[in-house]
Amino acid sequence: MSEVKKRAGTAATKKAAYGTDIDLSSFKNKAMPRAYDASLNCLSEEEIKTMAEVGIVPTGGLRSGNFIQMNHSAVNCSAFQDGVEVMSSAQALEKFDGLKDYWWKAVDVVTDKYTAHAELAFNSGYFIKVKEGVKARFPVQACLYIGEEDLAQNVHNVVIAEEGSEIHVITGCTTAPKLKRGLHIGISEFYVKKGATLTFTMIHNWGERVVVRPRTAVWVEEGATYNSNFVCMKPARSIQMFPSVRLRGENAVTRLNSVLIATAGTELDIGGRVSLEAAGAKAEILTRTISKGGNVIARGILIGEKPGVKAHLECSGLMLSDEGSIRAIPELDGRVSGVEMSHEAAVGRISQEEIEYLMARGLSEKEATALIVRGFLRVEMVGLPEPLKKEIDRLVEESEKSLL
């Protein structure tokens, strides 16, 4: 047994540091295998439609790479540009001698029982690398799909942007339309080398009793930029994620944007942690949350470790129901003199004065409320291609209808 698996075994029953604990034994770890298909003829019309709802276009479209995993099987791994590599994590471990410089380096396998389970019951995931100086012309898209009831999907993803490169990775995580219950554990390690830019956009669309446990860490080197956009507008039983970004090099930059909607029965424990570890580092965390009967905890931690670093954290919550809750927990941790960090947090309801103001200009009460919700949910997300912007706008419009 490898040293990593030994360490994972010691943490297999360790509880998470925060959030609702889950009985992993209540989910199955065996899935019917699906064959690799370069042409993707294996996908049904329903599966293609479901993927499109999280921004994934399996065939056609403009993209630099493609990865699709159905349950536990990587059914397609393709790269369409020189200097861009896309493969399953299982393939990458074999090809690159265990990925010794990256595998479980940013995320510790003994963090909690979910990280341990991801190693002990490993179901692949994706490996994406853009080589030094290469600028990916189009996004690389990756889809993680669960189609079997009560299935646990345990993936480990690694993305590497080498020095001076640029890449946008779009990940769509979803389940079959009729699926109700499942478990997704996703370990993601991102390495953004000197002067590189990595934009990561993730859209979630789960079944109403699906439990989601991402564990993500990002290392950003000198002069590099990491942008993250996270969108979750559909019901899920429980999502618990707290990505950690380390700005390790001078003038490193990160922006973390999240748009969340929690309907009745949904628990979202979402946050972000950024440590500014070098001179000139800058960070921004921006979260928009709406509760229509669901419970949301929005966490944010900024840690200033060098003089002159700058960071801002903003969390805004909108209550559309007397049920549910929103808790905003912003934290600033300045460890030296000369840091510049700030935060804003607000939770409230739609102002009656705002509604009356818009109604006085010819809108109905419902139209006025919809306009306010739409404006609240629209967050400027960096680096989105136009088709994905349109898809997110469509999700916002659908959400308005379901909320009002």
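The values are calculated or read from the model by the stated rules, or taken from the named source; none is laboratory data. Treat the numbers as computed from the prediction; the structure is a model and nothing was measured. Neighbour counts are summed over all protein chains in view; Cβ atoms, including those assigned to glycine, are modelled from backbone coordinates with ideal geometry. The area values use the complete protein model at the heavy-atom level, side chains included, leaving out ligands, DNA and RNA. Shrake-Rupley method; radii C 1.70, N 1.55, O 1.52, S 1.80 Å.
Things to note:
- Residue of ILE167, ILE301, ILE290 that the Gaussian network model of the chain assigns the largest fluctuation, springs spanning Cα pairs under 10 Å: ILE301
- For segment 190-250, the Cβ-based charge dipole about the Cα centre amounts to some 280 debye (Lys, Arg positive; Asp, Glu negative; other atoms uncharged).
- Per residue, in Å², the accessible surface of segment 1-127 once ligands and nucleic acids are set aside, probe 1.4 Å: 50
- Lysine pair count for segment 66-162 (Cα-Cα distance under 23 Å; residues 8 or more apart in sequence or on different chains): 9.
- Selected from PRO307, PRO214, PRO235 as most flexible by GNM, with the chain as the system and alpha-carbon contacts under 10 Å: PRO307
- Among 311-318, 326-333, the order from most to least packed when residues are scored by Cβ within 10 Å on average: 311-318, 326-333
- Along the axis of the charge dipole computed for segment 113-209 (Cβ charges of +1 for Lys and Arg, -1 for Asp and Glu, origin at the Cα centre), the listed residues HIS156, THR201, ASN123 are led at the positive end by THR201.
- Counting every pair of alpha carbons in segment 217-279, the share spaced more than 16 Å apart comes to 50 percent.
- Using alpha carbons only, the radius of gyration of segment 183-300 set against its Kirkwood radius gives Rg/Rh = 1.02.
- Averaging the Cα positions of each part gives two centres, and for segment 113-181 and segment 184-223 these lie 8 Å apart.
- The computed Cα extents along the principal axes in Å for the structure shown corresponds, within [x] 66, 55, 44; [y] 60, 40, 40; [z] 59, 47, 41, to [x].
- Whole-percent carbon and sulfur share, accessible surface of the chain, 1.4 Å: 49
- Additional length obtainable on full extension of the chain from ALA12 to LYS135, 0.36 nm per residue less Cα span: 40.3 nm
- The listed residues CYS77, CYS143, CYS42, once ranked by accessible area (1.4 Å probe) with the largest placed first, stand as CYS42, CYS77, CYS143.
- Beta bridge orientation in the chain: antiparallel %, DSSP, nearest 5: 10
- Average projection, convex hull of the Cα set of segment 235-385: 10.5 square nanometres.
- CD proxy at 222 nm, helix term only [per DSSP H run n ≥ 4: -39500 (n - 2.57); per residue of the chain; nearest 500]: -5000 deg cm²/dmol
- Between VAL259, VAL347, VAL212, the GNM of the chain built on Cα springs shorter than 10 angstrom shows VAL347 fluctuating the most.
- Along the axis of the charge dipole computed for segment 165-319 (Cβ charges of +1 for Lys and Arg, -1 for Asp and Glu, origin at the Cα centre), the listed residues ASN251, MET241, LEU313 are led at the positive end by MET241.
- In this calculation the C-beta distance from SER351 to ALA264 is compared with R0 = 25 Å, giving a FRET efficiency of 0.60.
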